[in-house]
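J.: Please read through the structure below; I'll follow up with questions.
The values are calculated or read from the model by the stated rules, or taken from the named source; none is laboratory data. All figures in this text were calculated on a predicted structure; none of them were measured in a lab. When we count neighbours, we look across all protein chains shown, and the Cβ atoms used for this are built from the backbone with ideal geometry, even at glycine. The area values use the complete protein model at the heavy-atom level, side chains included, leaving out ligands, DNA and RNA. Shrake-Rupley method; radii C 1.70, N 1.55, O 1.52, S 1.80 Å.
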Amino acid sequence: MNFTDRIAVVTGGSRGIGRAICLELARRGAHVALCYAGNEAAAKETVAACEAEGARAMAVRCDVSDESQVKALMDAALKEFGRIDILVNNAGITRDGLLMTMKEADFDAVLDANLKGAFLCMKAVSRPMMKQRYGRIVNLSSVVGLRGNAGQANYAASKAGLIGLTKSAAKELASRGITVNAVAPGFIDTDMTAALPEAARTALFASIPAGRLGRAEEVARAVAFLASEASAYLTGQVLAVDGGMAM
Ligand code: NAP
């Protein structure tokens, strides 16, 4: 896969899977605009790592659930690079708890960041991508969006919602050379899963046929395929990268 001079916007590129995606694309020739919520030092590290691969890279602080901040992010990327070929909606959060006691604010925060954020970013890039008659959009769903998970009603709803969003956008944009797909990671070793209680980690671990956690780089390689020219006739799909969990 060759991304020479392709321009990618990756949300939540400061850490974890998002950073691995930035690096995978940069290593293969893309230039990268990443956004982050608040961790500027981590975002700068990702930029430096992309530049070390020979790519141009920039980081913008942007809360993806805020339309004006999303517009500013895309405007900054367009000003710097002139086009946007690839959008990876990777930014995401958890606010776990049982349904019965889940606070409305925790439900809203997760839906806003994970689902509305992806919608706003897709909306913002759809016009430039339609004009150039080329685009690749990849949304980070989750195995939890396919199967549900006790204690994650808000997160699972956001990740299942992303699948509906992906398929609808795929139908709207296919005739313009724009593909929209989702990746559904299983249990990947990042800050997000490190925060899980030990009992939840043990239970999840037991449900992975591959018998190990996934690595961020393994998700990034699947994202890169869906972000590449090689996947031109593939749209509206959900690719599970989960060591067999969701079979
Ligand atoms: P992570 O390590 O917690 O990193 C989350 C990233 O999202 C950070 O870069 C963070 O920025 C950014 N972010 C959070 N809220 C944001 C907002 N409102 N606006 C902009 N950026 C925001 O997460 P991860 O494990 O790499 O997960 C990445 C994606 O994969 C998420 O969508 C997650 O749901 C999904 N996923 C992960 C797993 C897993 O096992 N890890 C499994 C399935 C799906 P800061 O650094 O500034 O905080």
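J.: Can you pull out every residue in region 180-191 that is within 14 Å of the ligand (Cβ to nearest atom) and either open to solvent by less than 70 Å² (accessible area, probe 1.4 Å) or in a loop (DSSP other than H, G, I, E, B) (or both)?
T.: Step one: list which residues in region 180-191 are within 14 Å of the ligand (Cβ to nearest atom), which gives 182-191.
Of everything in region 180-191, those that are within 14 Å of the ligand (Cβ to nearest atom) and either open to solvent by less than 70 Å² (accessible area, probe 1.4 Å) or in a loop (DSSP other than H, G, I, E, B) (or both) turn out to be 182, 183, 184, 185, 186, 187, 188, 189, 190.
J.: Another question about this same structure. The conditions are (1) of a type in the set (Gly, Ala, Ser); (2) surrounded by fewer than 18 Cβ atoms within 10 Å (Cβ to Cβ); (3) within 14 Å of the ligand (Cβ to nearest atom), and residue 177 fails exactly one of them. Which is it?
T.: If we test residue 177 against (1) of a type in the set (Gly, Ala, Ser); (2) surrounded by fewer than 18 Cβ atoms within 10 Å (Cβ to Cβ); (3) within 14 Å of the ligand (Cβ to nearest atom), just (3) comes out false.
J.: Restricting the first residue to region 224-244 and requiring it to be part of a loop (DSSP other than H, G, I, E, B), which pairs with a second residue that is among the hydroxyl-bearing types (Ser, Thr, Tyr) meet a Cβ separation below 6 Å and a spacing of at least six or different chains?
T.: 235/179
Table: residues versus (1) in contact with a strand residue (DSSP E or B) (Cβ under 7 Å, 6 or more places away or on another chain); (2) closer than 28 Å to residue 39 by Cβ.
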position	(1), (2)
148	no, no
161	no, yes
168	no, no
187	yes, yes
193	no, yes
197	no, yes
203	no, no
214	yes, yes
222	yes, yes
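J.: While we're here: Can you tell me which of (1) near the ligand (Cβ under 10 Å from one of its atoms); (2) within 13 Å of the chain's Cα centre (by Cα) is the one residue 194 doesn't meet?
T.: Here residue 194 meets the rest and fails (2).
J.: Among the candidates 25, 99, single out the residue that is open to solvent by 40 Å² or more (accessible area, probe 1.4 Å) and of a type in the set (A, V, I, L, M). First the steps, then the outcome.
T.: Values: 25 fails: open to solvent by 40 Å² or more (accessible area, probe 1.4 Å).
Selected residue: 99, the only one of 25, 99 that is open to solvent by 40 Å² or more (accessible area, probe 1.4 Å) and of a type in the set (A, V, I, L, M).
J.: Looking at region 83-92, can you tell me whether even one residue there is surrounded by 24 or more Cβ atoms within 10 Å (Cβ to Cβ) and assigned to a helix (DSSP H, G or I)?
T.: Within region 83-92, not a single residue is surrounded by 24 or more Cβ atoms within 10 Å (Cβ to Cβ) and assigned to a helix (DSSP H, G or I).
J.: Taking region 230-247 as the search range and keeping residues that are out of contact with any strand residue (DSSP E or B) (no Cβ under 7 Å at 6 or more places or on another chain) and farther than 17 Å from residue 179 by Cβ, which one is modelled with the lowest pLDDT?
T.: Result: 247.
J.: Out of contact with any Lys or Arg (no Cβ under 6 Å at 6 or more places or on another chain), without any contact (Cβ under 8 Å) to a residue 12 or more places away in the chain and open to solvent by 10 Å² or more (accessible area, probe 1.4 Å): does that describe residue 75?
T.: Numbers: out of contact with any Lys or Arg (no Cβ under 6 Å at 6 or more places or on another chain): yes; without any contact (Cβ under 8 Å) to a residue 12 or more places away in the chain: yes; open to solvent by 10 Å² or more (accessible area, probe 1.4 Å): yes.
It is true that residue 75 is out of contact with any Lys or Arg (no Cβ under 6 Å at 6 or more places or on another chain), without any contact (Cβ under 8 Å) to a residue 12 or more places away in the chain and open to solvent by 10 Å² or more (accessible area, probe 1.4 Å).
J.: Restricting attention to region 151-173, does a residue exist that is part of a helix (DSSP H, G or I), modelled with pLDDT of 95 or more and of a type in the set (Phe, Trp, Tyr)? Reasoning before the result, please.
T.: Kept after step one, since they are part of a helix (DSSP H, G or I), are these residues of region 151-173: 153-173.
Subset that is modelled with pLDDT of 95 or more: 153-173.
If we keep only those that are of a type in the set (Phe, Trp, Tyr) as well, we get 155.
Yes: region 151-173 contains one or more residues that are part of a helix (DSSP H, G or I), modelled with pLDDT of 95 or more and of a type in the set (Phe, Trp, Tyr).
J.: Taking residue 80 as the residue in question, decide whether it is away from the ligand (no atom under 13 Å from the Cβ) and in contact (Cβ under 8 Å) with a residue 40 or more places away in the chain. Spell out the reasoning first.
T.: Values: away from the ligand (no atom under 13 Å from the Cβ): yes; in contact (Cβ under 8 Å) with a residue 40 or more places away in the chain: yes.
It is true that residue 80 is away from the ligand (no atom under 13 Å from the Cβ) and in contact (Cβ under 8 Å) with a residue 40 or more places away in the chain.
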